[in-house]
Amino acid sequence: MKVMITGASGLVGHAVQHVVKEQGPKEGEEWIFLSSKDADLLSMEETRAVFEKYKPTHVIHLAAMVGGLFKNMKYNLDFLRKNYIMNDNVLNTSLEMGVEKVVSCLSTCIFPDKTTYPIDERMVHNGPPHTSNFGYAYAKRLIDIFNRACYEQHKRKYTAVIPTNVFGPHDNFNLEDCHVLPGLIHKAYTAQKENHPFVIWGTGKPRRQFIYSLDLARLILWVLRDYDEVEPIILSVGEEDEVSIKEAAEAVVEVMGFKGEVTYDTTKSDGQFKKTASNEKLKKYLPEFQFTPFKQALKETSDWFIANYETARK
């Protein structure tokens, strides 16, 4: 079992590397961690070359063009095209070269904007995604369509995971294009350091389920080794663990010991109000799985950011 991971230098890729090292590879497993330095996956030629070099039997496909709300709103076309091309290159090359299993990474933002809650795995294609990130969402939805068609035509069991909002060490903390938690951590750190207010964009009312990257990595390894469905699976904490952006900001204030003023810039967009996901399917498979408590994971993430401030992506 030779496992090749694309996007290994990103948030989830780093977490998978950490968990593989922590647990040790299982007998007969070989792991190859790729970054953009190894191959430009927007190029079919470079994609084929790296597959031919390593000859993987299994692939975890994490590479993607990603960004926060405001970057998505500004570059929907880029998110659509780059992710579509990259995904098609990786999946089609996997099929051509006989890769036994591919696990791709989707996102809860691919679900319809107008829907009932909680959302589950059967609802991915039930309507248009939110207008703020429709380019990324449609590109990711096509992975699921490819997987279903691939099984129907070639009986190859390629699948995908759908995590909720991921955060953790090695996240992107760049305020121009990061996701909400690394953005809050970076802003609180800067506000504390420079003695100015901690400004949160939006009203703080939208609600999110957050999953720690190390928990997600452990679940992705389970999917690779043991999950035998083509249909994607949501990897998330329960509905009861959903928090508002305001509550997340208050948790950041607590774990970072921020003492200054906290304000909200309500001229900024809130984005999608909620996208509550059901983890019922995951619980049926892994009823005993324990997620890292939110504040503990947040503290570990903020501690990592402070300790690695000079080299962190920001």
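The values are calculated or read from the model by the stated rules, or taken from the named source; none is laboratory data. Bear in mind the structure is a predicted one, so any value in this text is a computation, not a measurement. Here Cβ is always computed from backbone atoms with ideal geometry, including for glycine, and neighbour counts include all displayed protein chains. The accessibility values were calculated without ligands, DNA or RNA, using every heavy atom of the protein model including side chains. Shrake-Rupley method; radii C 1.70, N 1.55, O 1.52, S 1.80 Å.
Structure values in brief
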{"quantity": "Computed lengthening from R225 to D303, 0.36 nm per intervening residue step minus Cα-Cα distance", "calculated": "24.9 nm"}
{"quantity": "Within the chain, percent of DSSP bridges classed antiparallel, to nearest 5", "calculated": "5"}
{"quantity": "Partner aspartates and glutamates for K259 [C-alpha distance under 18 Å; skip if fewer than 8 residues away on the same chain]", "calculated": "E194, E247, E250, D303"}
{"quantity": "The stretch 257-307 - percent of accessible surface contributed by carbon and sulfur, probe 1.4 Å", "calculated": "52"}
{"quantity": "Residues of the stretch 37-191: accessible area per residue with a 1.4 Å probe, Å²", "calculated": "43"}
{"quantity": "Accessible area, probe 1.4 Å, largest first, for residues W222, W201", "calculated": "W201, W222"}
{"quantity": "The chain: angle of helix 180-194 to the longest principal axis, Cα-based, in degrees nearest 10", "calculated": "40"}
{"quantity": "Heavy-atom accessible area ranking, 1.4 Å probe, most first, across L11, L298, L142", "calculated": "L142, L11, L298"}
{"quantity": "Cα gyration tensor category, rounded, prolate or oblate, for the stretch 162-314 with a/c compared to 1.5", "calculated": "prolate"}
{"quantity": "Computed E for K268/S244 - FRET, C-beta separation, R0 22 angstrom, nearest 0.05", "calculated": "0.90"}
{"quantity": "Longest to shortest principal axis, alpha-carbon extents of the stretch 1-60, angstrom", "calculated": "34, 25, 13"}
{"quantity": "C-alpha long axis of helix 213-226 to longest principal axis of the chain, angle in °", "calculated": "20"}
{"quantity": "Over the chain: helical MRE at 222 nm, DSSP H runs n ≥ 4 each giving -39500 (n - 2.57), nearest 500", "calculated": "-13500 deg cm²/dmol"}
{"quantity": "Chain lengthening between D78 and K26 when straightened (0.36 nm per residue, less Cα-Cα)", "calculated": "14.9 nm"}
{"quantity": "Lysine pairs with alpha-carbon atoms under 21 Å apart, the stretch 1-135, spacing 8 or more or separate chains", "calculated": "15"}
{"quantity": "Cα centre as origin, Lys/Arg/Asp/Glu Cβ charges: the chain dipole, Debye", "calculated": "380"}
{"quantity": "Calculated SAXS-style log₁₀ I(q)/I(0) at q = 0.07 Å⁻¹ - the chain, Debye, Cα scatterers", "calculated": "-0.26"}
{"quantity": "The stretch 2-67 versus the stretch 139-212: alpha-carbon centroid distance in Å", "calculated": "19"}
{"quantity": "Using alpha-carbon coordinates, inclination of helix 11-23 to the longest axis of the chain, degrees", "calculated": "70"}
{"quantity": "Extension gain, N174 back to E310 (0.36 nm per residue minus Cα-Cα distance, nm)", "calculated": "47.7 nm"}
{"quantity": "Share of carbon and sulfur in the accessible heavy-atom surface of the stretch 153-223 [1.4 Å probe, %]", "calculated": "49"}
